[in-house]
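Let me begin by presenting the structure, written as structure tokens, before commenting on it.
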There are 2 protein chains.
Amino acid sequence: MKRSVPLDELDYRLLDLVQRDAKRPLHELGDEVGLSPSAVQRRLTRLTEAGVIRSTVAVVEPRAVGADLLAVVLVALTDDDPDHHASFRRRMQDEPAVQQCYTIVGQWDYVVVVLTRGIEENRELSYRLFVDGGAVARYETLPAFETVKAGLTVPLGEGPGR
Amino acid sequence: MKRSVPLDELDYRLLDLVQRDAKRPLHELGDEVGLSPSAVQRRLTRLTEAGVIRSTVAVVEPRAVGADLLAVVLVALTDDDPDHHASFRRRMQDEPAVQQCYTIVGQWDYVVVVLTRGIEENRELSYRLFVDGGAVARYETLPAFETVKAGLTVPLGEGPGR
DNA sequence: CGCTTCACGCAAGAATCTTGCGCTGAACCG
DNA sequence: CGGTTCAGCGCAAGATTCTTGCGTGAAGCG
């Protein structure tokens, strides 16, 4: 699950395909790239074991399950104490409503994307994560008015190294 | 692909499972929730046709394909002209390097998450999307130092209506 | 030139998925 | 209360898909 592997053109083509739809049968992918089903399967297995493909998941429509409020939160901690950062990260990782979290450079320390059921749950969540948790100097919540694009597909460009 | 369907406890359990790993065989999912493979399959089909499950995709590790620079960009347009907004959105949707894009309330109009191969590609991209495209008053790029959490799993809570 | 390696296609066997069928229990009348 | 309807279930057979051993050919190397 860790070996670094050089990827060739065919690998990129396959990644591009399964990144869009992972349910297609091997022979279809094979037809598309010009390989037999078994060759496709071996490549995908190799890519998975190498960690290039992290997992295969179902993408759920948030609104269908009541999660209708997405917000981007900018966070600054009180100081650079490694313990504070560590505990903050752990909080982010443990909280299901936190979709993404990045450390950034500049006047803010973190960008956090949270997804909740309505504004009230967002308020509770913000209090729990950014006030009650401690170590947060200030935070600014930017509620999303609309989702223009929500993807997780990695841009693959032409191929190796471009 | 559109009918709204009331989801019960079992649907939530199944969504929770396939959202983590969509490759598990039906009989395994069935064992976990107490259903036969065919019942599981019928439910998943129904959820897919209802649009609750949007798709099933492979999650690719960005660094494995050379995409090593993630940045959050805050964007403000020059005005509220609907045409400007429409063309901006289209640009975001058409650009593979744009991972996510949300309209937000406040002093910025959009939050855009972009993923590129290195800083040079980011610079080119920024120029192309935010300068050359027009209609952008100002933008601020917040390069991510580190990805603390990168998920797309919708928080499902307990079940219907929380 | 002979040896090794690697990825391929093929095909058989295994596993999984799909669907028709009959059953059951809950909800809904009359 | 008894009959009817209907949605969802499990079962099992058939179809599809996945998996893997085997033989082959194209480099790469000594």
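Things worth noting here:
- Mean residue ellipticity at 222 nm, helices only, chain A: -10500 deg cm²/dmol; runs of at least 4 DSSP H residues each add -39,500 (n - 2.57), and the sum is divided by the number of residues.
- Remark: label point of A:ASP8 defined 7 Å out from Cα along the Cα-Cβ vector; separations to the same position in other copies 5.2 nm, ascending.
- Given charges at Cβ of Lys, Arg, Asp, Glu: the stretch B:62-143 dipole, positive-most of B:PRO62, B:ALA135, B:THR78: B:PRO62
- Difference of contour (0.36 nm per residue) and Cα-Cα distance, A:ASP83 to A:LYS149: 20.3 nm
- Computed Kirkwood radius, in angstrom, where 1/r is averaged over Cα pairs of the stretch B:71-162: 14.5 Å
- Reported value for chain A: 157 Å³ per residue, from the convex hull of its C-alpha atoms.
- Once the Cα atoms are used to define both axes, helix A:9-20 deviates from the longest principal axis of chain A by about 50 degrees.
- Residues losing 50 Å² or more accessible surface upon assembly, the stretch B:62-78, compared with the chain by itself, 1.4 Å: B:VAL65
- Relative contact order %, chain A, counting alpha carbon pairs below 8 Å whose residues are six or more apart: 28 percent
- Chains A and B, summed buried accessible surface - 1.4 Å probe, Å², nearest 100: 6200 Å²
- Nearest-10 value in Å² for the accessible area of A:ILE119, using the 1.4 Å probe: 130 Å²
- Within the accessible surface of the stretch B:4-136, defined with a 1.4 Å probe on protein heavy atoms only, the carbon and sulfur portion equals 50 percent.
- Rolling a 1.4 angstrom probe over the protein heavy atoms with all chains in place gives the stretch B:70-162 an accessible area of 47 Å² per residue.
- The residue in chain A that lies nearest, by its beta carbon, to the axis linking chain A with chain B is given here with the distance in whole angstrom as A:LEU152, 3.
- Expressed per residue, the C-alpha convex hull volume of the protein assembly as shown stands at 155 Å³.
- Shape parameters for the stretch A:1-59, alpha-carbon atoms, Rg then Dmax in Å: 10.8, 29
- Karplus-derived 3J(HN,Hα) values for the stretch A:86-94, using 6.51 cos²θ - 1.76 cosθ + 1.60 with θ = phi - 60°, are 4, 6, 4, 4, 4, 4, 5, 5, 7 Hz; glycine and proline are entered as x.
- Distances between equivalent label points of B:LYS149 across the copies, with each point positioned 7 Å along Cα→Cβ, amount to 2.5 nm, shortest listed first.
- Label-point spacing for B:ALA39 across the identical copies (point 7 Å from Cα in the Cβ direction), in nm and ascending order: 4.4.
The values are calculated or read from the model by the stated rules, or taken from the named source; none is laboratory data. None of these values were measured; they are calculated from a predicted model. Here Cβ is always computed from backbone atoms with ideal geometry, including for glycine, and neighbour counts include all displayed protein chains. We work out accessible area using only protein heavy atoms, side chains counted, and drop any ligands, DNA or RNA first. Shrake-Rupley method; radii C 1.70, N 1.55, O 1.52, S 1.80 Å.
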